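> Dropping the structure in here first, questions after.
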Amino acid sequence: MTVRIAKFIADTGAASRRAAEDLIAARRVTVNGTVIDSPVFFVSDGDVVAIDGVPIQARTQTELYAFHKPLNTMTTARDPRGRKTIYDVLPDEYKNLKYVGRLDYKTTGLLLMTNDGALARKLTLPSSHIPRTYLATVNTSDFSGLDAARRGVTVDGVSYRPMQIDVLKNGELRVTVTEGKKNEVRIVLRACGAPVRKLHRISFGNIELGKLPVGKIRIIPQKTIDALLNSF
């Protein structure tokens with residue numbers, strides 16, 4: 001089986017396809033020790049691909065994990081302000097995983113992690129329309145403004161798709177979004193008169209957080225991954 005060199009690099013998670021093409025143009029990529037200067041090049045099983053002399057490995061199996069992100073952790077590898085990150089919480093054997101999208105510092109709950117950079121990008125594309133569901137504790141008992149969020153709103157010039165919002169018996173909101181814009185739940189609910197005090201993600205597509213303890217991680221079965229990918 002052969003594949004274009006830029007796609008091979010992207011599939012390993014070492015760089016996006018566009019970044020891979022830039023690396024190739026800069027003559028930083030070799031195949032079996034020979035410098036490649038064109039993205040119109042195919043590699044086969046057994047070829048040794050390296051970037052800056054460091055070999056990269058094709059993934060033999062995609063792995064996807066559910067991680068219960070704790071409060072007050074950054075979804076990043078390093079924080080310039082020195083705040084705790086998810087990688088400070090993850091066990092050493094999982095520190096090479098990539099996060100799928102982000103949860104902000106104060107948001108808790110389900111964060112997907114994977115060894116496949118291409119899968120991470122695919123799952124976060126707005127065009128995927130994958131539903132993400134949150135429980136939101138808000139600083140109001142007046143929910144009359146939520147219909148605007150259900151219809152879709154524009155806040156500070158940014159348009160947000162309609163959200164599914166259910167008011168639960170305890171006054172919490174169950175909010176489902178399909179877009180994944182940065183801080184969209186907090187921004188939209190604040191604009192609709194229901195500022196968020198606590199935000200907790202409970203599901204991503206067909207994957208649920210369930211009773212996974214805070215700071216723990218579990219692998220997702222392949223059949224669940226297949227069902228998720230077949231949903232869009």
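The values are calculated or read from the model by the stated rules, or taken from the named source; none is laboratory data. Quick caveat: nothing in here was measured; it's all calculated off a predicted structure. Heads up, the Cβs are rebuilt from the backbone with ideal geometry, glycines too, and the neighbour counts pull from every protein chain shown. Heads up: the accessible areas ignore ligands, DNA and RNA and are worked out on the full protein's heavy atoms, side chains in. Shrake-Rupley method; radii C 1.70, N 1.55, O 1.52, S 1.80 Å.
> For the chain, report the accessible area per residue in Å² (1.4 Å probe, heavy atoms, rounded to an integer).
54 Å²
> In square angstrom, rounded to the nearest 10, how much accessible surface does H68 have for a 1.4 Å probe?
20 Å²
> I've got another one for you. Ranked highest first by the average count of other Cβ atoms within 10 Å around their residues, in what order do 176-184, 30-38 fall?
For the peptides 176-184, 30-38, the packing ranking is 176-184, 30-38.
> Ignoring ligands, DNA and RNA, please state the percent of accessible area on the stretch 1-132 from carbon and sulfur, probe 1.4 Å.
50 percent
> Two-decimal Rg/Rh of the stretch 64-203 from alpha-carbon positions, Kirkwood Rh?
That ratio equals 0.98.
> Quick one: order L125, L103 from most to least accessible surface, probe 1.4 Å.
So, going from the largest accessible area down, we get L125, L103.
> Moving to a separate point now. Return the aspartates and glutamates within reach of K223: Cα separation strictly under 12 angstrom, same-chain partners fewer than 8 residues apart disregarded; answer none if there are no such residues.
Candidates past the 8-residue exclusion: E63.
> I've got another one for you. Once neighbouring chains are kept in place and the probe is 1.4 Å, which whole percent of the accessible area of the stretch 148-204 is contributed by carbon and sulfur?
48 percent
> Going 7 Å from the Cα of D92 in the Cα-to-Cβ direction, what parts of the stretch 1-31 have a backbone nitrogen less than 11 Å from that spot?
Correct set: none at all.
> Quick check for me: using +1 on Lys/Arg Cβ and -1 on Asp/Glu Cβ, what's the dipole size of the stretch 143-232 about its Cα centre, in debye to the nearest 20?
320 debye
> Here is a further query. Determine, from the Cβ-Cβ distance of D226 and F41 and an R0 of 30 Å, the FRET efficiency 1/(1 + (r/R0)^6), rounded to the nearest 0.05.
About 0.45, to the nearest 0.05.
> Another one. Scan around L64 for amide H atoms under 5 Å from its own, H built in the peptide plane at 1.01 Å from N, and keep only partners 5 or more places away or cross-chain.
Correct list: I220.
> Let me ask something else about it. Which entries in the list K84/K198; K95/K181; K106/K181; K122/K182 go over 22 Å, if you measure between the two C-alpha atoms of each?
Beyond 22 Å: K95/K181.
> Using helices alone, what [θ] at 222 nm do you get for the chain, with -39,500 (n - 2.57) per DSSP H run of 4 or more residues, divided over all residues and rounded to the nearest 500?
Estimated from H runs of four or more residues: -5500 deg cm²/dmol.
> What does the accessible area of F143 come to, in Å² to the nearest 10, when a probe of 1.4 Å is used?
We get 50 Å² for F143.
> So, in Å, what gap is there between the alpha-carbon centers of the stretch 10-72 and the stretch 102-119?
21 Å
> Moving to a separate point now. Normalised by the residues of the stretch 68-130, what does the relative contact order come to in percent, with Cα pairs under 8 Å and at least six apart?
33 percent
> Which shape class, rounded, prolate or oblate, goes with the stretch 120-232 when its Cα gyration tensor gives a ≥ b ≥ c as root eigenvalues, a/c under 1.5 marks rounded, and past that a/b bigger than b/c marks prolate?
Oblate, since a/c reaches 1.5 and b/c is not below a/b.
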